[in-house]
Amino acid sequence: MVQVLDTIAASRAAIAERRSRGTIGFVPTMGALHEGHASLIRRARSESGTVVVSIFVNPLQFDRPDDLNRYPRSLEADLEVCRRHDVDIVFAPAVSEMYPRPMEMSVKVGKLADHLCGRFRPGHFEGVASVVLKLFEIVQPDTAYFGEKDAQQLAVVRRLTTDFNVPVRIAPVPTVREPDGLALSSRNLRLSPGERQLAPRLFAALQRAAASVQEGAANAAEIARDAATVIPGDERLRLEYLALVDPEDFQPVTTVTAPVIAAGALWVGSTRLIDNVRCTPPMKDGPPEGGHYK
Ligand code: AMP
C-alpha cells in the first residue's frame with residue numbers, strides 16, 4: 001500500500017518509522033511519470049527496503065513562467081504508476097509546503113552550470129540544487145536515483161553531495177528511449193503529432209557525433225557542426241546548442257582525446273527537448289592495420 005503524503009512532517013515521520021526495516025531509496029521527480037521514471041523506481045525497488053518518490057514541480061528551477069504553467073501534471077495517473085511499482089511513500093507537497101515564504105538562501109552552482117542548459121536557463125541549476133538539498137534533508141535517503149538523460153543535472157547533484165558532505169549515494173540510471181530513439185520526457189506530451197515525428201532528430205544528431213568520435217574525429221567544433229546537419233531545416237525546429245563537453249566538469253572540449261558527452265537542446269515548436277550521448281574515441285594503442293594484439 002502506497003502512503004501518499006503532502007506534508008514534510010508526515011513524510012519525515014513515515015520514513016523514520018521505516019528506517020529500521022532497511023535502506024531508503026529515493027526517486028525525486030516532477031511527476032507526469034513515464035517509463036523513464038519507472039526505470040528509476042524499479043532500480044530503487046530492487047535495491048532498497050523502502051522506496052520514496054517525490055512529485056513536485058519546483059518553481060525555483062523554471063526560468064520561463066509559460067514552461068512552469070504548461071508543465072504537465074497528472075497526480076492520479078502518477079499514483080497509479082507508483083502503486084504498480086510497489087512504491088512505499090509518495091511525497092507530493094504543495095508549493096506552499098516547500099516554500100512557505102520566499103527562500104532567502106540558495107545553492108550557488110559554479111562552473112558546472114556555465115555551459116549547456118546552465119547557460120541558456122539562468123538560475124535553473126541553482127533551483128535544482130536548492131530543491132534537491134531540501135528534499136535530501138526531508139527524506140534523508142541512503143541512495144537517490146537520477147537519470148542520465150539529465151546528465152548536467154546528475155553532475156550538479158553529485159557535486160552537491162560531495163561539496164556539502166551530504167551522506168547520500170547518487171545512483172545514475174541509463175536513459176530510456178522510445179523505439180525511434182526519442183528520450184522519454186514529460187515534455188514529450190506537449191508535442192503535436194507532426195512535432196513528435198521531428199523530435200527524434202536530436203538523438204540522431206548526437207548519435208552522429210558519437211559515430212564521428214568513434215571513427216577517430218577529434219576536432220570538437222567540426223564534429224558538432226557535422227552532427228547539427230542531421231537536424232532538418234524546418235521552421236518548427238531550432239537547435240539551441242549541440243556541444244561536446246567533459247563528462248566530469250561539463251566544460252567544452254576542443255580536441256577529443258578521451259570519452260566526452262555530446263549534449264544538445266532542440267526546440268520543437270514551443271517545447272524544448274534535451275538529450276545527450278556518451279562518445280568514446282577509438283583505443284589509442286590499437287593493433288596496427290590488419291594486425292593483432294599479442
Ligand atoms: P523529471 O520528472 O523530469 O524531473 O525527472 C525525474 C528524474 O527522472 C530525473 O532524475 C530524470 O533524469 C529522470 N528521467 C527523466 N526522463 C528519463 C528517461 N527518459 N530515462 C531515464 N531517466 C529519466
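The values are calculated or read from the model by the stated rules, or taken from the named source; none is laboratory data. Only a predicted model underlies this, so the values are computations on that prediction, with no experimental measurement involved. Note that we place each Cβ from the backbone using ideal geometry, even for glycine, and neighbour counts take in every protein chain shown. The protein model used for the area step is the full one, side chains on, heavy atoms only, and it has no ligands, DNA or RNA in it. Shrake-Rupley method; radii C 1.70, N 1.55, O 1.52, S 1.80 Å.
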Kirkwood-Stokes translational diffusion coefficient of region 8-73, alpha-carbon pairs, 10 °C, 1.306 mPa s, µm²/s
118
Using packing as a proxy for protection, rank 183-189, 97-103 so that the peptide with the highest average count of other Cβ atoms within 10 Å comes first.
183-189, 97-103
The Cα extents of region 1-123 along the principal axes, largest first and rounded to whole Å, are 42, 31, 28
State the percentage of accessible surface on the chain attributable to carbon and sulfur atoms; use a 1.4 Å probe and exclude ligands, DNA and RNA.
52
Burial-style ranking of 8-14, 234-240, average other-beta-carbon count within 10 Å with highest first, yields 8-14, 234-240
Thinking of region 188-248 as a set of Cα atoms, what percent of all their pairs are more than 12 Å apart?
69
Express in nm, to one decimal, how much length is gained between ALA94 and VAL57 on full extension, taking 0.36 nm for each residue of separation and deducting their alpha carbon distance.
12.4 nm
Percentage of interatomic Cα-Cα distances in region 42-106 larger than 19 Å:
48
Report relative contact order for region 1-144 in percent, whole number only (criteria: Cα-Cα under 8 Å, sequence separation at least 6).
37
In percent, what relative contact order does the chain have, based on Cα pairs under 8 Å that are 6 or more apart in sequence?
17
Based on the mean of other beta carbon atoms within 10 Å per residue, what is the order of 23-32, 266-275, 159-168, most packed first?
23-32, 266-275, 159-168
Return, for the Cα atoms of region 138-294, the radius of gyration and Dmax in Å, separated by a comma.
17.8, 59
Given the chain, what count of lysine pairs have C-alpha atoms under 28 Å apart, with each pair 8 or more places apart or on different chains?
6
Report ³J(HN,Hα) in whole Hz for each residue of region 173-179, in order, from the Karplus equation J = 6.51 cos²θ - 1.76 cosθ + 1.60 where θ = phi - 60°; Gly and Pro get x.
10, x, 5, 9, 10, 5, x
Averaged across orientations, what area in nm² does the convex hull of the alpha carbons in the chain project?
18.0
Descending principal axes extents, region 86-127, alpha-carbon based, whole Å
37, 31, 15
So what is the 222 nm mean residue ellipticity for the chain from helices alone, if each DSSP H run of at least 4 adds -39500 (n - 2.57) and you divide by all residues, rounding to the nearest 500 deg cm²/dmol?
-10500 deg cm²/dmol
Largest-first principal axis extents of the Cα set of region 75-230 (Å)
49, 37, 28
Counting only heavy atoms of protein chains, what accessible area per residue, in Å², does region 23-114 have with a probe of 1.4 Å?
47
